[in-house]
Protein chains: 2
Amino acid sequence: MSTTPEPEWLTDDEQRAWRAYLRATRQLEVALDRDLQAHGLSLAEYEIISMVSEAPGRRLRMSYLADMVVQSRSRMTHTAKRLEARGWVERRPVLDDRRGVELVLTDEGWAALDKASRVHVEGVREHLVSVLSPEEFLALGSALARVSAGLTGQPGIPVSSL
Amino acid sequence: MSTTPEPEWLTDDEQRAWRAYLRATRQLEVALDRDLQAHGLSLAEYEIISMVSEAPGRRLRMSYLADMVVQSRSRMTHTAKRLEARGWVERRPVLDDRRGVELVLTDEGWAALDKASRVHVEGVREHLVSVLSPEEFLALGSALARVSAGLTGQPGIPVSSL
DNA sequence: CGCACACAGTTGAATTTTCAATTAGATGTT
DNA sequence: AACATCTAATTGAAAATTCAACTGTGTGCG
């Protein structure tokens with residue numbers, strides 16, 4: 001038998017960076033979530049209705065949304081049900097694809113989003129943007145955009161195939 | 001009555017950066033979590049035993065851990081219970097402070113961590129580190145370290161007080 | 001000392017998320 | 001047309017997380 005090859009461990013600097021990443025992203029999530037809670041929604045819910053609000057016709061398909069906000073379809077369904085119960089969205093069948101469902105933002109949903117969005121930007125500015133220089137923030141954005149691209153579409157079986 | 005002052009909305013660039021942040025961080029979490037699942041633990045659990053393993057005596061207090069990994073104390077308790085049930089940690093009362101409990105990593109826990117850590121670093125390298133230049137990655141780390149510092153210790157009532 | 005308050009951790013119920021089917025419709029191939 | 005396969009979405013139970021209440025214990029102070 002052969003010994004398992006040692007992976008390339010993180011250097012001290014890298015380790016520090018990675019730990020900072022984990023802690024900061026969680027703290028930020030918690031902070032933003034807490035602020036939104038006061039307006040009756042979670043960050044995940046906010047992201048959903050926020051995306052819907054920007055789409056033409058204020059409507060977006062479940063599966064597309066699930067991909068964008070990185071939630072399982074199942075979770076998307078449950079969350080949509082709750083949002084619907086609050087009267088913030090309606091679910092309507094898609095015309096061309098009879099399997100499809102789209103979420104439509106209601107006026108109440110729009111109003112709720114309007115209020116929440118103020119709190120949200122302020123949080124993002126205060127906790128993230130204002131702490132970094134403008135260049136730093138944009139650099140972070142473009143770095144993570146690349147990370148996201150690398151992670152998109154390649155489910156679990158990255159290599160070999162053919 | 002007076003109109004609510006408009007908050008300083010994000011510019012298009014900023015908005016893009018922020019969206020990239022949200023999506024990338026979630027995708028990365030999902031990817032790393034998926035890899036660890038195969039070894040029977042979640043990323044959150046991994047972080048906990050990983051921190052414990054580095055502490056002198058392989059032991060760390062609950063409340064300290066909760067702060068480090070950004071989890072509520074309640075969640076920390078539940079998670080610790082599960083880890084204990086798997087035999088990966090033991091819970092022991094702290095000597096000086098009779099309110100305190102510390103988590104001690106068992107040999108089984110150490111073994112599990114040893115296996116999982118390989119998968120974990122590889123994931124971090126593949127999905128994050130390798131996508132960025134070394135400078136970029138370290139810059140991201142230092143930027144987020146500042147974000148974290150800004151978020152640490154200031155619970156919910158940041159201003160005024162006195 | 002005695003009291004008020006803060007801190008560490010736990011508990012169990014409510015809520016949310018995950019997980020493993022399941023239904024139904026689209027797509028591609030022969 | 002008939003078949004297998006894939007995609008969209010839902011369902012309900014299991015598992016994890018949050019939430020609010022609660023038990024002990026440390027701390028500061030009159």
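The values are calculated or read from the model by the stated rules, or taken from the named source; none is laboratory data. What you see is a predicted model, and the numbers here were worked out from it, not measured in a lab. Neighbour counts are summed over all protein chains in view; Cβ atoms, including those assigned to glycine, are modelled from backbone coordinates with ideal geometry. Side chains included, ligands, DNA and RNA excluded: accessible areas come from the protein's heavy atoms. Shrake-Rupley method; radii C 1.70, N 1.55, O 1.52, S 1.80 Å.
Points to keep in mind about this one:
- Options B:A116, B:A80; residue that is away from DNA strand C (no atom under 15 Å from the Cβ) and either within 14 Å of chain A (Cβ to nearest Cβ) or surrounded by 14 or more Cβ atoms within 10 Å (Cβ to Cβ) (or both): B:A116
- Against the conditions (1) more than 8 Å from chain B (Cβ to nearest Cβ); (2) open to solvent by 20 Å² or more (accessible area, probe 1.4 Å), A:R23 satisfies every one except (1).
- Any hit, the stretch A:60-70, residues being open to solvent by 20 Å² or more (accessible area, probe 1.4 Å), within 18 Å of the chain's Cα centre (by Cα), away from chain B (no Cβ under 14 Å) and of a type in the set (S, T, N, Q): yes
- Condition check for A:V94: within 10 Å of DNA strand C (Cβ to nearest atom), of a type in the set (A, V, I, L, M, F, W, C) and away from chain B (no Cβ under 14 Å): yes
- Scanning the stretch A:52-92 for residues being basic (K, R) and within 8 Å of DNA strand D (Cβ to nearest atom) gives a total of 4.
- Failed item in (1) away from DNA strand C (no atom under 11 Å from the Cβ); (2) among the acidic types (D, E); (3) open to solvent by 40 Å² or more (accessible area, probe 1.4 Å), with B:E45 passing the rest: (3)
- A:V159 vs. criteria among the hydrophobic types (A, V, I, L, M, F, W, C) and modelled with pLDDT under 95: yes
- Residue check, B:L95 over 30 Å from A:A143 (Cα atoms) and more than 16 Å from the chain's Cα centre (by Cα): yes
- Condition check for B:V101: without any contact (Cβ under 8 Å) to a residue 60 or more places away in the chain, in contact with a helix residue (DSSP H, G or I) (Cβ under 7 Å, 6 or more places away or on another chain) and either among the charged types (D, E, K, R) or open to solvent by 40 Å² or more (accessible area, probe 1.4 Å) (or both): yes
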